Amino acid sequence: MPDVAFVFSNPRHHLEMMAPVAEELTRRNVTCTLVSLAEMRGFETPKQSGARRVLPLNVRRRRSTPSEGSGEEGTWRRGRLAKQLVWTLGLGPRLRWMLHRTRVIVVPNDAVYPYIELVEQLRKSKPQARTVLMQEGIRFPLPESYTGPRYGSAVSAAVCAWGEGSKDFFVASKVPESRIVVTGTPRLDGLDVAMWKARGQELLATLKLSAPPIAFLSNPIELQGYGSKAQKLELFARFLAGAAPVLKARNIPVIVKNHLYEDPNDYARVAAASPIPELVTVLDSVPIFAAIAAARAAVVLTSTVGLEALTFGLPLGVMEIPGHDFVFEYVQRGAAVPIRVASVTRGVEQLLDRDDVRTAAGKAFVERHLHDQGRARHNVADVIERILATDPHGTTRR
């Protein structure tokens, strides 16, 4: 059986951050396996990944939409009893068999279903196994109304944090500091900005855009407790309405790139009803880095892609979420333009104007949140090797 198992549910960014570490550990003669829960969320496990499927078939449509107020993870959070039945009768036994005798289990999240159940099952049935969290995206305090498990609090051995900014979050969330290791994110180790900029130019040509666009990079904030899907789409509508005078005057298009859990058709309907339907293109299968590379500036809500846009050197704007202001610290640290719902036009004007102070703040922001870029996979592999070298009680193996 493998020494290390990487369990993932998103076949894009989870796999992209875990596969490089598995490759590095394999190079060090550590046996690894990739275990996929992608079909549980309506995705397909990439055949070329070599990952083992937990479920042989998809159990729901790719873009099934959560009901109003259903909470994180949509369908899977509608009924606690239904989830527990699925876990008890299917997922739990299957994962217990697949992870039999595995010494370290790496997960991207320990605060949502079914990772909560997996970590708890391992604690009870396999106390000799250690669990490690690889941070999957930017972290920020959730709304006061949130009473669920705290990210990073359940794993037993280590939390691999992206940067000092993330470490601050985990410490504030009461994760023992001894368990936190700043490693960086392996997903961005091999990021070739020049190559992607060439792909961005190809995208501009394919879309027949006469000028670099603003990229609206959305994410499902309703699953994080920030309002409803309808309210999120209303924010997008208000952005387009407020931006319209500036974009029309300067003939600047907008491209929209959605999160995997969102339906581009929702955004296309809003764009069609906006004052500038001719300037808006909603993308579907385009890689996120190509969309960023094609853009002159980016606008986000609470998304990790804002950090990636800053990595490309793009000016960044953040939409205000009514009742919650600006959730992540992009604006608070001067790295992004605040786009207030009541003054979108002014925010977009600022976004398009050169600002050397904001540019410098953006570079400092990337350094705060992306540690040791290019070496993160080695750093995470080092953490896992150290855990493998100790027994469950922390004693070094001889």
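Observations on the model:
- Residue within the stretch 30-48 that is within 18 Å of H259 (Cβ to Cβ), at pLDDT 95 or above, of a type outside the set (A, V, I, L, M, F, W, C) and in the same structural domain as Y115 (by TED's automatic domain parsing) present: no
- Of the set (1) among the polar types (S, T, N, Q); (2) buried (at least 19 other Cβ atoms within 10 Å of the Cβ); (3) assigned to a helix (DSSP H, G or I), all apply to S274 but (3).
- Qualifying positions in the stretch 36-51 - assigned to a loop (DSSP other than H, G, I, E, B) and under 24 Å from V112 (Cα atoms): L37, G42, F43, E44, T45, P46, A51
- Residue list for the stretch 269-317, restricted to those being more than 20 Å from V337 (Cβ to Cβ) and of a type outside the set (A, V, I, L, M, F, W, C): R269, S274, P275, P277, E278, T281, D284, S285, P287
- Any hit, the stretch 250-262, residues being among the hydroxyl-bearing types (S, T, Y) and surrounded by 21 or more Cβ atoms within 10 Å (Cβ to Cβ): no
- Unique match (being charged (D, E, K, R), at pLDDT 95 or above, under 19 Å from K232 (Cβ atoms) and out of contact with any strand residue (DSSP E or B) (no Cβ under 8 Å at 6 or more places or on another chain)) among R333, R340, R346: R340
- Only helices (runs of 4 or more DSSP H) whose full extent lies in the stretch 316-389 are considered here, and the ones with at least 1 residues that are closer than 30 Å to V181 by Cβ are 356-369, 376-388.
- Sub-8 Å Cβ pairs linking a first residue in the stretch 222-235 that is in the same structural domain as A268 (by TED's automatic domain parsing) to a second residue that is surrounded by fewer than 16 Cβ atoms within 10 Å (Cβ to Cβ) and among the charged types (D, E, K, R), at least 6 apart or interchain, are S228/E68; K229/E68; A230/E68, ordered by first then second residue.
Condition check ((1) buried (at least 21 other Cβ atoms within 10 Å of the Cβ); (2) assigned by TED's automatic domain parsing to the domain that holds P322; (3) acidic (D, E)) across all residues:
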site	(1), (2), (3)
G163	yes, no, no
S178	no, no, no
P213	yes, yes, no
A243	yes, yes, no
K248	no, yes, no
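- Residues in the stretch 1-35 that are closer than 17 Å to L122 by Cβ, assigned to a strand (DSSP E or B) and of a type in the set (A, V, I, L, M): V4, A5, V7, V35.
- When T302, T281 are screened for being outside any loop (DSSP other than H, G, I, E, B), β-branched (V, I, T) and touching a residue at least 12 places away in the same chain (Cβ under 8 Å), only T281 passes.
- Residue match in the stretch 338-348 (condition: small (G, A, S), in contact (Cβ under 8 Å) with a residue 60 or more places away in the chain, buried (at least 20 other Cβ atoms within 10 Å of the Cβ) and in the same structural domain as L142 (by TED's automatic domain parsing)): no
The values are calculated or read from the model by the stated rules, or taken from the named source; none is laboratory data. Values in this document were obtained by computation on a predicted structure and should not be read as measured data. Methodologically, a virtual Cβ is constructed for each residue, glycine included, from the backbone with ideal geometry; neighbour enumeration extends over all protein chains shown.
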